[in-house]
Amino acid sequence: MQIWYTLLPDLHPHLASLSECLSPSERLRAARFSQEKDRLDFILSHGFLRTILGGQLGAPGSAVSWSVGPFGKPHLAEAGHAGAELAFSLSRTSGAAVCAMGRSIPVGIDVERIGPLPDFQELAASVLTPRERGALASLPVSQRERAFQRSWVCKEAILKLEGVGLGVHPGALDAGPGCWVAEPFSLLWEGQRLFLRTFEFAEQYVAALATRSEPSAVQFLRFEGP
Ligand SMILES: CC(C)(COP(=O)(O)OP(=O)(O)OC[C@H]1O[C@@H](n2cnc3c(N)ncnc32)[C@H](O)[C@@H]1OP(=O)(O)O)[C@@H](O)C(=O)NCCC(=O)NCCS
C-alpha cells in the first residue's frame, strides 16, 4: 500500500509537463474553474495522480484511464488496464493532494487543510453523531477543532472507500475517538470491519486512509515532480 502526498506549490515548475498528460475531459473540467488558483490546483493534482498511476501501471500518465461508479468513485478495473487489480483514491484540498494506491485492496482517502473553522459549532452539530459530540466535549477546548477535522477526514475516507461520497450523510457514521490519535484503528460500519489511519504532513494537512482489510505495510511517499 502506498500513500503519495504532494504540496501543489512544489509542482508549479512542472505545470507544463503535468498538464500535458490530462485527458480531454479533465481539460474541460479545468477550463470551467472560475478561479485561476483552483484551475491550477486541479491540473497539478490530476497531473500528480496520472504520473503516479502511470508509474505503477508501467504506462505514461496520459495513457491512464478510469471509469467512475454511480456516485463518482473512479475505478481502473473497468477501464481495461493490465493493472486492473490496482485500486486508488485521490483527495485534494487547497495547496495539497494525496493519493492512496493498493493492489487488490479498495481504498478511500481524504485530506483537509488544518485551520480555524469559523462555523465549527454548526458543523460539529451537523456531521457528528451524539456519541462523537459527547466525546469531543470532553476534550480541552483548544483541541476540539483539530479533533473535529480528524473525525471529518475519517468519515470522508470511509464514504470514499464505499464509493458513496456525501450521498450518505456523515452524521450517520460514527467514526469514534480513534480518529484523534496517530495509531491505526478499526471500526464496524454496516456490519463490516474497516481499517483506518490518520496522518498529518507539512504541519498544515491532516488526512485519513480507510481500507476493508488491514494493510500489511503502508509506505508514505512525497511527490515533488515527474
Ligand atoms: C466524494 C466526495 C465526498 C469528495 O469530496 P471532496 O472532499 O470535495 O473532494 P476530495 O478532493 O476529497 O475527493 C475528490 C476525488 O474523489 C474521487 N471521487 C469522486 N466521487 C467519489 C466517490 N463517490 N467515492 C470515492 N471517490 C470519489 C475523485 O477522484 C475526485 O477527484 P476529482 O474531483 O479531482 O475528479 C464528493 O465529491 C461526493 O460526495 N461525491 C458524490 C456526489 C454524488 O453523489 N454524485 C452523484 C451523481 S454523479
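The values are calculated or read from the model by the stated rules, or taken from the named source; none is laboratory data. Model, not experiment: these values are computed from the prediction. We place every Cβ from the backbone using ideal geometry, glycine too, and count neighbours over all the protein chains shown.
So how many residues does the stretch 113-134 have that are touching a Pro at 6+ places or on another chain (Cβ under 7 Å) and more than 17 Å from Leu173 (Cα to Cα)?
Count: 0.
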Handout entry: Residues that are assigned to a strand (DSSP E or B) and within 11 Å of Arg150 (Cα to Cα), drawn from the stretch 174-200
Key = Arg197, Thr198, Phe199, Glu200
Problem - All positions within the stretch 22-52 that are of a type outside the set (S, T, N, Q), in contact with a strand residue (DSSP E or B) (Cβ under 6 Å, 6 or more places away or on another chain) and within 12 Å of the ligand (Cβ to nearest atom) - result: Phe48, Leu49
Completion exercise
Scanning the stretch 1-31 for residues that are part of a strand (DSSP E or B) and among the hydrophobic types (A, V, I, L, M, F, W, C), the one nearest to Ser94 (Cα to Cα) turns out to be Leu7
Practice task
Would you confirm whether any residue within the stretch 96-103 is at pLDDT below 95 and either within 10 Å of the ligand (Cβ to nearest atom) or more than 18 Å from Thr6 (Cβ to Cβ) (or both)?
Solution key: yes
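Every residue, every condition in (1) free of Cβ contacts under 8 Å to residues at least 60 places away in the same chain; (2) surrounded by 14 or more Cβ atoms within 10 Å (Cβ to Cβ); (3) among the small types (Gly, Ala, Ser), yes or no:
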residue: Thr6; (1), (2), (3): no, yes, no
residue: Pro9; (1), (2), (3): no, no, no
residue: Leu86; (1), (2), (3): yes, yes, no
residue: Ala96; (1), (2), (3): no, yes, yes
Completion exercise
Quick count over the stretch 104-126, residues being touching a residue at least 60 places away in the same chain (Cβ under 8 Å), closer than 24 Å to Ser213 by Cα and away from the ligand (no atom under 11 Å from the Cβ), is 1
Handout entry: Which listed residue, of Arg92, Arg150, is surrounded by 11 or more Cβ atoms within 10 Å (Cβ to Cβ), modelled with pLDDT of 95 or more and in a helix (DSSP H, G or I)
Key = Arg150
